Amino acid sequence: MTDNGRNPLREGIHTFVVYVEDKPGVLNRVASLFRRRAFNIESLAVGPTDRPGISRMTIAVKTDDVVARRVEANLYKLVNVLRVENVTHLPTVMRDLALIKVKADSSTRAQVLQMCDVFRARAVDVTPDSLIVEITGTEEKIESLCEVLRPFGILEMVRTGRVAMTRGSDVPSTNPEFVAARVPNGSAS
Amino acid sequence: MERKGAQIVWEVLTQEGVEVVFGYPGGAILPTYDAMLDYPVRHVLVRHEQGAAHMADGYARASGRVGVAMATSGPGATNLVTGIATAMMDSSPIVCITGQVPSTAIGSDAFQETDVTGVTLPITKHNYLVTDVEEIGPTMREAFYVARSGRPGPVLVDISKDAQIASIEYVPADAPERLPGYRPDLRALPEEYEHALELIEEAERPIILAGHGVMMSGAMQILIDFAEKTQIPVTTTLLGLGGIPASHPLNQGMMGMHGESWVNHAIQEADLLLAFGMRFDDRVTGNLKTYAVNAKKIHIDIDPTEIDKNVRVDVGIVGDLRETLEILLPQLTQKEHTAWLEHIDELRGDSAVRDIQSLPDTGALYAAHVINDIWRITEGKPIIVTDVGQHQMWEAQYFKHEKPFTLITSGGLGTMGFGLPAAIGVRFAKPEDEVWAIVGDGGFQMTQAELSTCAQEGIKINVAIINNGFLGMVRQWQEFFYGRRYAATPMLSPDFVKLADAHGLLGLRVEERGQVEDAVRRAQQEPGTVIIDFRVVQEDSVYPMVPAGADLDAMIRRPSSIVETAEDELVGGGR
Ligand SMILES: Cc1cc2nc3c(=O)[nH]c(=O)nc-3n(C[C@H](O)[C@H](O)[C@H](O)COP(=O)(O)OP(=O)(O)OC[C@H]3O[C@@H](n4cnc5c(N)ncnc54)[C@H](O)[C@@H]3O)c2cc1C
Ligand SMILES: Cc1ncc(C[n+]2csc(CCOP(=O)(O)OP(=O)(O)O)c2C)c(N)n1
């Protein structure tokens with residue numbers, strides 16, 4: 001069985017953009033849903049939107065297309081969830097941001113900075129024996145940078161998790177049909 | 001008008017038309033209890049908050065309205081949990097109102113503080129913590145709306161004590177309007193209907209799986225019209241019993257673990273399943289890998305998360321069942337499925353010989369006989385509430401439900417102790433109807449304290465205790481799957497007749513089949529609650545049985561003579 005030539009049962013990372021009411025406990029409700037239904041969260045990023053009272057989450061889930069549809073439907077079922085988009089198969093910009101504190105003294109600093117240059121990462125803090133490097137990009141790009149920095153000694157690292165936005169001018173948050181019901185396509189064939 | 005938060009609670013309850021609240025007071029809910037005296041709502045004092053939740057649940061299931069339970073913070077609130085989870089599993093609309101410690105103390109491990117919105121988050125449809133008196137009115141309205149709309153379910157409103165005490169200028173709100181993210185009224189895409197129609201037209205061996213959703217959407221009549229026009233046989237889930245009259249010629253009976261053998265065979269042989277408002281519970285499907293493998297599947301359900309959850313379907317139609325059938329039915333052509341219906345009849349005939357009703361009367365008191373006799377003597381008129389276990393399955397098999405909402409039972413959670421309190425709730429929902437609780441000796445003892453509630457409230461229900469001296473259903477599993485090692489299942493019970501007496505109620509004991517009729521009639525005539533202790537055969541089992549996780553047609557069948565039951569090997573494998 002294929003959907004648009006894809007195998008719906010092949011596992012992959014699905015990315016959901018989720019708009020929620022900015023109320024106490026909403027993050028807990030979302031997290032609880034994933035735990036309760038044993039959906040596998042890879043990463044979850046949350047922050048405010050340009051609209052007061054509405055937050056935006058990017059949730060990456062490792063699963064197949066059939067379960068992904070159930071994830072979407074389950075998210076919709078939460079009373080405080082306003083809109084869910086599975087952007088996995090849409091043209092989308094996806095970014096992760098990392099801050100990496102790496103050992104670098106006068107003997108290695110130049111080398112480290114050179115590596116950062118290759119990855120278009122920037123040094124945002126310098127001390128005599130360390131650097132903080134900031135990088136944004138896909139998870140793969142960040143992981144590759146980590147690979148090359150590891151020999152110098154990574155002291156500390158923090159990542160935001162994936163954030164995503166679809167390309168083009170069709171902006172869901174300004175759509176007047178913002179809360180219109182969307183029925184997950186129930187067909188399996 | 002100036003109102004305290006506590007008064008606003010009752011203002012909204014009155015506005016919602018609530019007639020009765022089941023509850024138990026305590027410190028954090030005291031202001032609300034104090035305000036209660038000034039409002040015309042009946043309060044039923046329960047003996048344990050679990051009972052309050054089950055009563056609200058029973059009330060809701062029998063009436064189709066929202067049931068209300070009330071409790072204090074901490075232990076009061078946590079005692080509700082089993083009842084809330086029970087309502088959640090079976091989509092029963094209840095609103096639970098709990099008191100919470102003052103908002104200034106929240107988070108400090110104050111006396112009787114429990115994070116009850118945290119505790120109940122996964123077992124409520126939605127819940128609220130209210131710490132601002134301004135929010136009490138709108139939140140309560142919203143709670144009722146959420147509980148009853150879409151796929152119904154329990155909603156909990158936790159109100160801090162200071163919010164109950166504070167006063168505001170209160171203006172009753174009309175309808176809740178603040179729910180931008182809530183969509184109870186989803187509809188399917190047009191192509192799904194077309195695809196469904198094609199599959200129905202093409203099918204040669206179709207079967208309808210009618211669930212609880214039939215009754216929740218009020219689709220009873222259109223289900224019959226649909227089945228008659230298309231001549232498609234109907235089978236129901238446990239919670240679907242009554243959705244189509246038991247005597248309807250197209251109704252084949254219950255499916256699943258303890259369903260009719262011919263039904264399970266028919267499902268396995270079908271080429272099209274039409275799942276109407278049912279959720280393919282594992283008690284219904286058995287082994288999913290071998291479940292109806294040759295059948296196409298159409299699933300109509302109001303909850304999109306149910307589509308493709310357990311069984312992958314060919315067509316998923318999200319929407320209210322009645323509305324969906326109203327769209328589909330006029331587009332369908334008249335059909336005959338003579339060969340298929342005859343085939344199911346043959347399967348049925350083959351099973352009838354094994355039926356306990358066909359076996360000679362040895363004078364012994366079999367639970368199935370008792371339940372069938374109650375059905376016969378009461379002419380099937382009462383509303384039956386069951387507990388959980390063997391008696392529940394025999395009820396499903398031997399009490400023939402002609403009307404909807406006449407079987408109230410805990411299906412999804414299988415909560416022992418549900419029966420008695422839920423029957424009390426049903427009593428309030430249906431004051432004119434005869435109400436029987438059919439319970440096991442084990443489950444009855446879990447909530448028997450609610451007998452005091454019956455006595456104090458002066459209400460009338462009939463309680464048939466199917467007393468087999470065992471936790472029967474577990475004993476049956478031990479017999480079948482654990483070499484008859486009866487670990488912790490033999491159960492000593494109090495003298496139930498004396499127990500009734502201690503409550504000032506009538507208790508009767510029945511030890512022989514010949515005494516059943518008199519006892520049932522005596523109970524019917526008694527104005528107060530009656531307990532009948534039916535001392536039934538101890539080691540009888542419910543047949544057929546699909547062992548958990550086994551293929552649906554791999555049923556353990558009743559040995560063809562009852563006398564052999566004790567020693568006989570189990571007959572497995574179906575036909
Ligand atoms: C000891 C024991 C043995 C059991 N054995 C069996 C057995 O042999 N056979 C059996 O069937 N069950 C059995 N059960 C019960 C079983 O566990 C389930 O509770 C039952 O099968 C669920 O039935 P359901 O899916 O119809 O109802 P629910 O679980 O209540 O599901 C109802 C479905 O209808 C949908 N719905 C609600 N409103 C609407 C609407 N307006 N329009 C459309 N859809 C709607 C809901 O979204 C939901 O998907 C047993 C339980 C116990 C405790
Ligand atoms: C609260 C709770 N605890 C345990 C169980 C597991 N359980 C299911 S059926 C059953 C036995 C019920 O015995 P009884 O009430 O005597 O009814 P019978 O099966 O004998 O009719 C048990 C223990 C349950 N369903 N609910």
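The values are calculated or read from the model by the stated rules, or taken from the named source; none is laboratory data. All of these numbers come straight from a predicted model, not from anything done at the bench. Don't worry about glycine lacking a Cβ; one is built from the backbone with ideal geometry, like all the others, and counts go over all protein chains shown. Just so you know, the surface numbers come from the protein's heavy atoms only, side chains and all, with ligands and any DNA or RNA stripped out. Shrake-Rupley method; radii C 1.70, N 1.55, O 1.52, S 1.80 Å.
With all distinct Cα pairs included, what does the Kirkwood hydrodynamic radius of region B:202-283 come out to in Å, to one decimal, could you say?
Result for region B:202-283 stands at 12.4 Å.
Please compute one quarter of the surface area of the Cα convex hull for region B:231-361 and express it in square nanometres.
Over all viewing directions, region B:231-361 projects a mean Cα-hull area of 8.8 nm².
What Rg and what Dmax come out for region B:509-564 when only alpha-carbon atoms are used, in angstroms?
17.2, 48
Let me know the charge dipole size of the protein assembly as shown about its Cα centre in debye, to the nearest 20, where only the beta-carbon of Lys, Arg (+1) and Asp, Glu (-1) is charged.
Computed charge dipole of the protein assembly as shown: roughly 1320 debye.
Got a number for carbon plus sulfur as a percent of region A:8-69's accessible area, 1.4 Å probe?
Solvent-exposed carbon and sulfur of region A:8-69 make up 50 percent of the total.
Could you work out the percent of alpha carbon pairs in region B:70-178 separated by over 16 Å, rounded to a whole number?
Counting every Cα pair in region B:70-178, those more than 16 Å apart make up 57 percent.
In Å, the Kirkwood hydrodynamic radius of region A:4-56 over pairs of distinct alpha carbons?
One decimal place: 13.1 Å for the Kirkwood radius.
In region B:201-245, which GluC sites (Glu not before Pro) fall in coil by DSSP and have 14 or fewer other Cβ atoms within 10 Å?
Counting only loop positions with at most 14 other Cβ atoms within 10 Å, the GluC sites (Glu not before Pro) in region B:201-245 are B:204.
With a cut-off of at most 15 other beta carbons within 10 Å, and DSSP calling the residue loop, which chymotrypsin sites (Phe, Trp or Tyr not before Pro) in region B:111-163 qualify? Please list them.
Listed in order of number, the matching sites are B:111.
What net charge do the residues around residue A:93 carry, taking every other residue with its C-beta under 11 Å from that of residue A:93, with Lys and Arg at +1 and Asp and Glu at -1?
So the surrounding residues net to +3.
In region B:434-533, which trypsin sites (Lys or Arg not before Pro) fall in coil by DSSP and have 13 or fewer other Cβ atoms within 10 Å?
Passing both the DSSP loop test and the Cβ count: B:484, B:485.
List, by residue number, every residue in region B:150-193 with a reduction of 10 Å² or greater in accessible area between the chain on its own and the complete protein assembly, 1.4 Å probe.
Output list: B:178, B:179, B:180, B:181, B:182, B:183, B:186, B:187, B:189, B:192.
For region A:9-129, just run the numbers: alpha carbon Rg, then divide by 2.2 N^0.38 Å, N being how many residues it has.
Dividing the Cα radius of gyration by 2.2 N^0.38 Å gives 1.39.
With all protein chains present, calculate the accessible area of residue A:124 using a 1.4 Å probe and round the result to the nearest 10 Å².
Spelled out: residue A:124, probe radius 1.4 Å, area about 70 Å².
Going by accessible area, probe 1.4 Å, with all protein chains left in place, what is the ranking of A:119, B:481, largest first?
Greatest to least solvent exposure: B:481, A:119.
Whats the longest run of chain A with zero trypsin sites (Lys or Arg not before Pro) that are DSSP loop and have at most 10 other Cβ atoms within 10 Å?
Counting only loop sites that pass the neighbour cut-off, the longest clear stretch is A:11-166.
Binning at 5 Å from 0, report for region B:1-98 what percent of all alpha-carbon pair distances ends up in each bin.
Per 5 Å bin, starting at zero, the Cα-Cα P(r) for region B:1-98 comes out as 3, 15, 26, 25, 19, 9, 3, 1, 0 percent.
So how much accessible surface do B and A hide from each other in total, probe 1.4 Å, in square angstrom to the nearest 100?
Protein heavy atoms only, the B-A interface buries about 2400 Å².
Accessible area of region B:276-394 with a 1.4 Å probe: how many percent of it is carbon plus sulfur?
The value for region B:276-394 is 49 percent carbon and sulfur by accessible area.
What is the sum of charges around residue B:271, taking Lys and Arg as +1, Asp and Glu as -1, for the other residues whose C-beta is under 14 Å from the C-beta of residue B:271?
Counting the neighbours of residue B:271, the net charge comes to -2.
Starting from the Cα coordinates of region B:2-169, work out the convex hull volume and express it per residue in Å³.
For region B:2-169, the hull spanned by Cα atoms encloses 91 Å³ per residue.
Please arrange B:335, B:297, B:289 by accessible surface area, largest first, computed with a 1.4 Å probe and ligands excluded.
B:289, B:335, B:297
Provide the solvent-accessible area of residue A:142, counting protein heavy atoms only and rolling a 1.4 Å probe, rounded to the nearest 10 Å².
For residue A:142, the solvent-accessible surface is approximately 0 Å².
Calculate, axis by axis, the spread of Cα positions in region B:452-513 along the three principal axes, and write the results as whole Å, longest axis first.
Extents along the principal axes, in whole Å: 46, 26, 17.
Under a plain spin-label model, where a point goes 7 Å from the Cα along Cα-to-Cβ, how far apart in nm are residue A:124 and residue B:525?
8.7 nm
Could you order B:345, B:301, B:495 so the one with the most accessible surface comes first? Probe is 1.4 Å.
The most accessible residue leads, giving B:345, B:495, B:301.
Taking Cα centroids, how far is region B:115-188 from region A:85-112 in Å?
Rounded to whole Å, the Cα centres lie 43 Å apart.
So for the protein assembly as shown, what percent of the C-alpha to C-alpha distances run longer than 51 Å?
So the pairs more than 51 Å apart make up 22 percent of the total in the protein assembly as shown.
Work out how much length residue B:346 to residue B:402 would gain on full extension: take 0.36 nm times their residue separation and subtract the Cα-Cα distance, in nm to one decimal.
This chain segment gains 17.8 nm when fully extended.
With an 8 Å cut-off on Cα pairs and a minimum separation of 6 or more residues, tell me the relative contact order of region B:2-169 in percent.
Relative CO of region B:2-169 lands at 28 percent.
Using modelled amide H (1.01 Å from N, peptide plane; none on Pro or chain starts), what sits under 5 Å from the amide H of residue A:54, excluding residues fewer than 5 places away?
A:22, A:49
Project the alpha carbons of region B:356-535 onto their principal axes and report the range along each, largest first, in whole Å.
Computed over the Cα atoms, the extents are 46, 34, 32 Å.
In chain B, what percentage of the DSSP-assigned beta bridges are antiparallel, given to the nearest 5?
In chain B, DSSP labels about 10 percent of beta bridges as antiparallel.
Are there any residues in region B:288-334 with a reduction of at least 30 Å² in accessible surface when going from the isolated chain to the assembly of protein chains? Probe 1.4 Å, please list them by number.
B:304, B:305, B:308, B:309, B:312, B:314
When the Kirkwood radius is taken over all Cα pairs of chain B, what Stokes-Einstein diffusion coefficient follows at 20 °C and 1.002 mPa s, in µm²/s?
Estimated diffusion coefficient is 87 µm²/s.
For region A:93-163, taking Cα atoms only, what is the radius of gyration to one decimal and the Dmax to the nearest whole Å?
My reading of the Cα-based Rg and Dmax gives 11.3, 37 Å.
Looking at the protein assembly as shown only, what percent of DSSP beta bridges run antiparallel? Nearest 5 please.
About 45 percent, rounded to the nearest 5.
Taking the solvent-accessible surface of protein heavy atoms with a 1.4 Å probe, what is the per residue accessible area of the protein assembly as shown in Å²?
For the protein assembly as shown, the solvent-accessible area averages 40 Å² per residue.
How far is the Cα center of region B:14-60 from the Cα center of region B:245-297, in Å?
The distance from the Cα centre of region B:14-60 to that of region B:245-297 comes to 40 Å.
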